[in-house]
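One structure is given here, and the rest of the page talks about it.
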Amino acid sequence: MNVNKVIYAGRLTRDPELRYTPKGTAVATVGMACTLKYKSGDEWKEDTTFVDIEFFGRSAETLGQSSRKGHRLYVEGRLKLDTWEDKNTHEKKSKLKIVGDSFQFIERREESQAAPPPAQKRTATKAAPASGDDDDGEPF
């Protein structure tokens with residue numbers, strides 16, 4: 001069994017670069033950073049990982065039009081190894097990137113500085129049992 005699944009959350013390090021292939025498919029490339037904080041002895045340290053992420057199609061268009069540097073994002077996708085030859089040195093190069101399948105905005109900088117929405121009263125309701133003879137106390 002092979003699994004290639006990545007979950008990554010962090011901040012955009014630059015504005016998305018949105019372009020279109022000759023066949024019209026949208027492609028958005030973003031850089032992201034995720035910082036893990038840990039304690040080493042009495043001192044707090046940080047370890048930041050930077051990664052490029054590429055989206056295609058409608059996701060690429062949405063991301064390209066709705067996000068900017070500094071926005072927080074949650075991404076699910078897969079790892080892909082890009083390889084190429086340097087034009088000047090003719091050395092073989094490689095780089096891991098994430099090909100994004102989906103994303104969610106965690107929080108936008110503008111929203112975090114705005115006033116929170118007013119609290120709404122919620123009313124809890126219970127669903128009636130499907131049949132009267134199936135009430136054994138279990139919720140399913």
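What follows draws every value from the coordinates through simple rules; no lab data is involved. Please read all numbers here as calculations on a predicted model, not as lab measurements. Here Cβ is always computed from backbone atoms with ideal geometry, including for glycine, and neighbour counts include all displayed protein chains.
Annotations
- Under Karplus coefficients 6.51, -1.76 and 1.60, residue-wise ³J(HN,Hα) of region 53-59 in Hz, glycine/proline x: 10, 10, 10, 10, x, 4, 4
- Per-residue packing, averaged as other Cβ atoms within 10 Å, sorts the ranges 64-71, 25-32, 10-17 into the order 25-32, 10-17, 64-71, beginning with the highest.
- By the rule of a C-alpha distance below 21 Å, with chain neighbours fewer than 8 residues away ignored, the lysines paired with Lys5 are Lys80, Lys95, Lys97.
- As a proxy for reagent exposure, ranking Asp86, Asp101 by other Cβ atoms within 10 Å from fewest up yields Asp86, Asp101.
- Per-residue HN-Hα couplings for region 14-20 [Karplus 6.51, -1.76, 1.60; θ = phi - 60°; Hz; x = Gly/Pro]: 7, 5, x, 9, 9, 9, 10
- From phi via Karplus (6.51, -1.76, 1.60), per-residue ³J(HN,Hα) for region 23-33 in Hz, x at Gly/Pro: 8, x, 7, 6, 10, 10, 10, 10, x, 10, 10
- Contact order normalised by residue count of region 6-113, Cα under 8 Å, 6+ apart, percent: 28
- In this structure, the amide hydrogen of Arg14, modeled 1.01 Å from its nitrogen in the peptide plane, lies closer than 5 angstrom to those of Gly31, Gly70, counting only residues at least 5 positions away or on a different chain.
- Filtered GluC sites (Glu not before Pro), region 18-115: DSSP coil and at most 10 other beta carbons within 10 Å: Glu91
- Mean Cα-pair separation over length for region 1-57, i.e. relative contact order, pairs under 8 Å, 6 or more apart, %: 31
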